[in-house]
Amino acid sequence: MNNKLKGWKTCFLSLAGRTMLVKSVLDSIPTYAMQCNILPQSTHSHIDRIQRNFLWGTTPDRRKLHLANWDLVTTPIKDGGLGIQKTSGKNFALLAR
């Protein structure tokens, strides 16, 4: 995931563009591993942290203010969130399938 982020510049993307990249690319990278295995909670936290930091534009040398709680961001769009899925919920849903 970090290799994908190196080419993307957060300063040139709007919040909507970063949201689409998180939903389409960063969310789909660990999907294959989550279909077969239960990932540890530390891995879920790390993946969510990567998504959260890219969404808000945080880099290793510059921290930015996160404008909304991650629980609000991960709620469905119809309920007022951005529709990004938490990796722990997605992992259990894929295993149940």
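The values are calculated or read from the model by the stated rules, or taken from the named source; none is laboratory data. Only a predicted model underlies this, so the values are computations on that prediction, with no experimental measurement involved. FYI the Cβ positions are ideal-geometry reconstructions off the backbone, even for glycines, and counts take in every protein chain you see.
Of all residues in the stretch 66-88 being part of a loop (DSSP other than H, G, I, E, B) and among the hydrophobic types (A, V, I, L, M, F, W, C), which is nearest to the chain's Cα centre (by Cα)?
Restricting attention to the stretch 66-88, the residues satisfying the condition of being part of a loop (DSSP other than H, G, I, E, B) are 66-69, 74-76, 80-86.
Those still in the list that are among the hydrophobic types (A, V, I, L, M, F, W, C) too: 67-68, 82, 84.
Details: Leu67: 15, Ala68: 14, Leu82: 11, Ile84: 7 Å.
Residue satisfying both the conditions and the ranking: Ile84.
Read through the list (1) surrounded by 11 or more Cβ atoms within 10 Å (Cβ to Cβ); (2) of a type in the set (Lys, Arg); (3) at pLDDT 90 or above, then give the number of the only condition that Arg63 fails.
All conditions are met except number (3).
Restricting to helices (runs of 4 or more DSSP H) lying wholly in the stretch 1-50: which have 2 or more residues that are modelled with pLDDT under 85 and within 20 Å of Leu67 (Cβ to Cβ)? Before the answer, list the steps.
Values: elements: 2-6, 15-21, 31-36.
Hits in the stretch 1-50: 15-21.
Here are Ile38, Ile84: which of them is touching an Asp or Glu at 6+ places or on another chain (Cβ under 9 Å), of a type in the set (A, V, I, L, M) and surrounded by 11 or more Cβ atoms within 10 Å (Cβ to Cβ)?
Values: Ile38 fails: touching an Asp or Glu at 6+ places or on another chain (Cβ under 9 Å).
When all the criteria are applied, what remains is Ile84.
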